[in-house]
There are 2 protein chains.
Amino acid sequence: MPHSKREIVLKCARQLFEQDGFHATGIDRILEKSGVAKMTLYNNFGSKDQLIAEVLSRSSHTHIERMKEYILIASSDPYEQILAVFVALGDRFQDPEFCGCMFQAAIAEFPDFDSEPAKAALAHHQRIIEVFFKLCTDANLSNVDQLSRKLALLASGSSCIARQTKTRQPADDALFIAEILLERASISVPTPV
Amino acid sequence: MPHSKREIVLKCARQLFEQDGFHATGIDRILEKSGVAKMTLYNNFGSKDQLIAEVLSRSSHTHIERMKEYILIASSDPYEQILAVFVALGDRFQDPEFCGCMFQAAIAEFPDFDSEPAKAALAHHQRIIEVFFKLCTDANLSNVDQLSRKLALLASGSSCIARQTKTRQPADDALFIAEILLERASISVPTPV
DNA sequence: GAACAAAAAGACAGAACGGTCTATTCTATT
DNA sequence: AATAGAATAGACCGTTCTGTCTTTTTGTTC
């Protein structure tokens, strides 16, 4: 059942957490928005922290899946796919519903990295790096470790700025820089004959 | 008087906000840590939000002042001073007291940009861009607007990653990228004879 | 129609929240 | 020594917080 109570709560909670933050969003507002009884929420998720962690985990997989679909449509060349990531980011930033990266907010609001929400958010960042790592490897670029880390830094930086500007400009800026990095990484180590 | 109650409250509040976040830090914990009566706090700051805004505003000026001192000692060449910014960032990231950039956290926790805390945090980001802008101008670089924006993106990105890693690596990565950007910006528009 | 589980509804707990108020004490300055 | 302003302790307000509990309703399946 696609519209189970569980899914409704997850969707409403996600929206409220994105809009207002995690601590600023009370359980009661999630109940009100989702039209669900309190016990339904607690039977399904156990606690607010676990609900937050589940929201983050779901959102992570959704975002990364969409991202992968986007870059597959954009190009079949991994080099171009890396750049397409930043185009996809730009699209997200100018979406009226965009309120900033949830995972950055979660890491800011949960300084205890052993907490469930923090772990879920940290896992997302790791997945982003892995996506870049794979693309860089497929594109036969040099210094894949460093490069994927730097691309992730650009993505994080642009998301951070976009929370304020809500325009695609930070993504365009990051794309510009990424192009330079890729250019460098593709010529410095020539492919063996 | 350097150790007035006001200053004590500001210092304690800053530490707690940095460690635990703004919403997660209650007034009572600030009172306990600073050993100050509740009315003293409210007579001095009016409300929690105003206290937060004041903490942010003070921290902004402190950080930027220290940054400027740092880069002045590092070099007299504005080109090198830009790079020194990222060295300074690296020093901060590996400081045991570093818990992530307060201003990013504030913007995440206060989505209403008309709120006092958000305004204080946004002002900080603007000041960072202005610092880069002035340095880029002094260094006779091209496309100063875009360039300073991109340097600020690198700074934000590295701060964002450093919240997790707590190492200087994100700053080093950003420095590496900044060097490339500056190199490009210094050769693309040759100085007229 | 009986039986069952899921969900609703809402009272309730206990603590913490931001913030106010009063009455008292401390500490300068004159 | 008198006075004014700052700071104190702590009771108190109403609200909100997460989370628990019980009772009733609903919907589904034998």
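See the values below:
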{"quantity": "Chain A: calculated mean residue ellipticity at 222 nm from DSSP helix runs of at least 4, using -39500 (n - 2.57)", "calculated": "-25500 deg cm²/dmol"}
{"quantity": "Reciprocal mean inverse distance between Cα atoms of segment B:17-69 - Kirkwood radius, Å", "calculated": "12.2 Å"}
{"quantity": "Buried on assembly, segment B:108-146 (at least 10 Å² less accessible surface than by itself, 1.4 Å probe)", "calculated": "B:Ala108, B:Glu109, B:Pro111, B:Phe113, B:Leu122, B:His125"}
{"quantity": "Fraction of accessible area attributable to carbon and sulfur, segment B:45-90 (%, probe 1.4 Å)", "calculated": "53 percent"}
{"quantity": "B:Glu54 - accessible surface, heavy atoms, 1.4 Å probe, Å² rounded to 10", "calculated": "60 Å²"}
{"quantity": "Per the axis that maps chain B onto chain A, nearest residue of B (Cβ criterion) and its distance in Å", "calculated": "B:Gly157, 1"}
{"quantity": "Distance from segment A:7-67 to segment B:48-103 (C-alpha centre basis), Å", "calculated": "36 Å"}
{"quantity": "Interface residues in segment A:8-31 - accessible area drops by 30 Å² or more relative to the isolated chain, probe 1.4 Å", "calculated": "A:His23"}
{"quantity": "Shape parameters for segment A:16-144, alpha-carbon atoms, Rg then Dmax in Å", "calculated": "17.2, 54"}
{"quantity": "Peptide B:91-103 - average C-beta neighbours from other chains (10 Å radius)", "calculated": "1"}
{"quantity": "Quarter of the Cα convex hull surface for the protein assembly as shown, i.e. its orientation-mean projected area (nm²)", "calculated": "23.4 nm²"}
{"quantity": "Taking chain A and dividing mean pair separation by its residue count, relative contact order in percent (alpha carbons under 8 Å, at least six apart)", "calculated": "22 percent"}
{"quantity": "Å² per residue, accessible surface of chain A at 1.4 Å", "calculated": "48 Å²"}
{"quantity": "Formal net charge of residues neighbouring B:Val87 (Cβ-Cβ distance under 11 Å; K, R +1; D, E -1)", "calculated": "-1"}
{"quantity": "Cα gyration tensor category, rounded, prolate or oblate, for segment A:82-184 with a/c compared to 1.5", "calculated": "oblate"}
{"quantity": "Axial C-alpha extent at least 24 Å, average Kyte-Doolittle at least 0.5 - helices from chain B (DSSP)", "calculated": "B:169-187"}
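The values are calculated or read from the model by the stated rules, or taken from the named source; none is laboratory data. Predicted model, so just to flag it, every value in this text is computed and none were measured. Neighbour counts are summed over all protein chains in view; Cβ atoms, including those assigned to glycine, are modelled from backbone coordinates with ideal geometry. All accessible areas refer to the heavy atoms of the entire protein, side chains included, with ligands and DNA or RNA removed. Shrake-Rupley method; radii C 1.70, N 1.55, O 1.52, S 1.80 Å.
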